[in-house]
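Each remark here refers to the structure printed beneath this line.
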Amino acid sequence: ALRRTALAGGGAVEELLANLFKPRGLVVTDQHVYLSVASAPSKLQRLPLAGGSVEELGTAGEEAYDCARDESSGEVFWVTRNPNWPYSGWVNQTSKDGSTTDRLVPTQAKVSHVAIDATHVYWAFIDGVHRFRRDGSGVVESVALAVATGELIVNEEAVYVSDRLSGRIYRRDK
């Protein structure tokens with residue numbers, strides 16, 4: 001289930017969505033909650049914070065793992081992977097209204113996280129963190145060492161990766 005509560009002062013827990021199968025990625029904006037769900041087929045969904053119906057923005061045959069949203073364009077980037085060996089996957093891009101979903105780049109084994117900045121899309125998988133230019137020019141670049149990625153965050157200056165096995169957090173300048 002997807003639930004929320006007020007940050008200050010506690011308060012009642014409100015259930016926004018029930019009976020979710022493997023919810024993985026979650027992005028909250030001032031108007032919506034976006035989530036990737038690893039159902040069959042996997043889905044990228046949007047739920048209005050004010051209440052209302054769930055909107056399906058995209059589907060994929062593979063399991064969904066994470067999502068990130070571009071605040072300026074409203075586009076949502078999400079990663080999916082095959083649940084069976086060799087666990088190959090994709091970085092996907094869905095338009096703001098869900099009318100189009102494009103597969104941007106195939107990844108290698110066990111893709112798990114995605115993050116974006118103004119110029120690049122980043123994703124983590126079994127052999128490290130990689131990126132490519134959002135405008136489609138250039139080549140895929142490796143930007144971080146292989147770790148058991150627990151989280152992937154990008155800001156204007158650096159890429160941050162947590163290693164869920166060692167308990168370490170790594171930072172690499174862009």
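What are the residues in the range 101-125 that are open to solvent by 60 Å² or more (accessible area, probe 1.4 Å) and under 11 Å from V154 (Cα atoms), if any?
The one that is open to solvent by 60 Å² or more (accessible area, probe 1.4 Å) and under 11 Å from V154 (Cα atoms): A118.
From the residues in the range 43-63 that are within 17 Å of D30 (Cβ to Cβ) and more than 14 Å from the chain's Cα centre (by Cα), which one is surrounded by the most Cβ atoms within 10 Å (Cβ to Cβ)? Please lay out each step first, then the result.
The first filter runs over the range 43-63 and keeps only residues within 17 Å of D30 (Cβ to Cβ), leaving 46-52, 55.
Retained after the next criterion (residues that are more than 14 Å from the chain's Cα centre (by Cα)): 47-52, 55.
Working: L47: 18, P48: 13, L49: 13, A50: 7, G51: 8, G52: 10, E55: 14.
Per the criteria, the residue is L47.
Filter the range 108-123 down to the residues that are closer than 20 Å to E62 by Cβ and part of a loop (DSSP other than H, G, I, E, B) and list them by number.
K110, V111, S112
Here are G128, G150: which of them is within 20 Å of S88 (Cβ to Cβ), modelled with pLDDT under 85 and open to solvent by less than 60 Å² (accessible area, probe 1.4 Å)? Please lay out each step first, then the result.
On the way: G150 fails: within 20 Å of S88 (Cβ to Cβ).
Answer to the check: G128.
For the range 2-23, give me the residue count where each residue is touching a Leu at 6+ places or on another chain (Cβ under 8 Å), of a type outside the set (K, R) and open to solvent by 60 Å² or more (accessible area, probe 1.4 Å).
Matching residues across the range 2-23 total 2.
Quick test for you: out of W90, W85, pick the one residue that is touching a residue at least 12 places away in the same chain (Cβ under 8 Å) and open to solvent by 60 Å² or more (accessible area, probe 1.4 Å). Explain how you work it out, then say what you get.
Values: W85 fails: touching a residue at least 12 places away in the same chain (Cβ under 8 Å).
So the residue among W90, W85 that is touching a residue at least 12 places away in the same chain (Cβ under 8 Å) and open to solvent by 60 Å² or more (accessible area, probe 1.4 Å) is W90.
Give me the pairs, please: first residue somewhere in the range 22-39 and under 18 Å from V79 (Cβ atoms), second residue anywhere and buried (at least 17 other Cβ atoms within 10 Å of the Cβ) and polar (S, T, N, Q), beta-carbon distance under 7 Å, and either six or more positions apart or on two chains.
R24/S36; G25/S36; L35/Q45; S36/S42; V37/Q45
Just checking, does the range 25-33 include any residue being modelled with pLDDT under 90, among the polar types (S, T, N, Q) and farther than 26 Å from D135 by Cβ?
No, the range 25-33 has no match at all.
Test of understanding: among D66, D30, which residue is among the acidic types (D, E) and either closer than 16 Å to W123 by Cβ or surrounded by 15 or more Cβ atoms within 10 Å (Cβ to Cβ) (or both)?
Just one listed residue meets the conditions, D66.
The values are calculated or read from the model by the stated rules, or taken from the named source; none is laboratory data. Everything numeric in this text was worked out from a predicted model, so none of it was measured. Please note: Cβ atoms are built from the backbone with ideal geometry, for glycine as well, and neighbour counts cover all protein chains shown. Side chains included, ligands, DNA and RNA excluded: accessible areas come from the protein's heavy atoms. Shrake-Rupley method; radii C 1.70, N 1.55, O 1.52, S 1.80 Å.
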